[in-house]
């Protein structure tokens, strides 16, 4: 924790959601120096001369598994704080990640939000113990899980404050959804980004079908989602999946510089700009809803169970050649 910041820390425990396949990444050119974010030497006058900021973060105290700090006025940094399990989202932490955006939206002292992960991971996605397992009654399970998937996406998209993700390590599944739904996504050059849904026998339903084709085009979206290949932050920038990639050691400072710049921008006009840009996401709501519904149908299926068995035992899955009969 940096000096001069205020934080609130709670702990959660969960199992790791995914591990990564290895793949060598092609070399790509670095961003020209004139296009990279410039490191701040001082705060903009609009921030530096502003009123003394409150350091009271008690309104965030009930969000279990999240760490909050205000590194500079008008900027709030959230850290997903479960490093022992690669910041995987279990029940309490998942609830926090769903619910925090409305409080952030109403916080008059926050103009810009940064979200990152503790330790060497951004977020490994849903913990296995938080995933649907078919044990509940089918109708109630579908309704609950569909509503949760929809809420995570809509709460981030509809939060009026600009969100910057500092992708400091593996971002998988729901963790990747948080990273890519941010308004500006900045990845460390070696960070691994991996959707991972097909690895466990379910349709990518928490963000990918909504935003990947808009970010990197349909051809790249099909290739990486259907082949289940991870990409590094450097490759993700080259294919326009993220806004920017920077050397790992420069990530947090680069993101803070961007946040300071945004915090000095006319806040109402900035929020209106975000709203208009996110209209492209809202227009794809029907595609997202269908993808989330397909994912919920897949959970608890024979294919999902076989994929999970193979994943846990580190063996190739053996699927029925006839498929499920549903599609």
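The values are calculated or read from the model by the stated rules, or taken from the named source; none is laboratory data. Bear in mind the structure is a predicted one, so any value in this text is a computation, not a measurement. As a convention, Cβ positions derive from the backbone with ideal geometry for all residues, glycine included, and neighbour counts pool all protein chains shown.
Structure values in brief
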quantity	calculated
Identity of the residue in region 149-158, surrounded by 15 or more Cβ atoms within 10 Å (Cβ to Cβ) and touching a helix residue (DSSP H, G or I) at 6+ places or on another chain (Cβ under 7 Å), that ends up farthest from residue 93 (Cα to Cα)	157
Test set (1) surrounded by fewer than 24 Cβ atoms within 10 Å (Cβ to Cβ); (2) at pLDDT 90 or above - residue 140 fails condition number	(2)
Selected residue (only one of 109, 94, 76, 52 is out of contact with any helix residue (DSSP H, G or I) (no Cβ under 9 Å at 6 or more places or on another chain), closer than 30 Å to residue 273 by Cα and at pLDDT 85 or above)	109
Some residue of region 168-178 being farther than 17 Å from residue 87 by Cβ, under 12 Å from the mean Cα position of the chain (by Cα) and at pLDDT 95 or above	no
Verdict on residue 76 being over 16 Å from residue 156 (Cβ atoms) and in a strand (DSSP E or B)	no
Enumerated helices (runs of 4 or more DSSP H) restricted to region 271-315, each holding at least 2 residues that are buried (at least 16 other Cβ atoms within 10 Å of the Cβ)	285-298, 302-313
Members of region 230-256 that are surrounded by fewer than 16 Cβ atoms within 10 Å (Cβ to Cβ) and out of contact with any strand residue (DSSP E or B) (no Cβ under 8 Å at 6 or more places or on another chain)	240, 249, 253
Single residue of 183, 206 found to be closer than 23 Å to residue 283 by Cβ, modelled with pLDDT under 95 and touching a strand residue (DSSP E or B) at 6+ places or on another chain (Cβ under 9 Å)	206
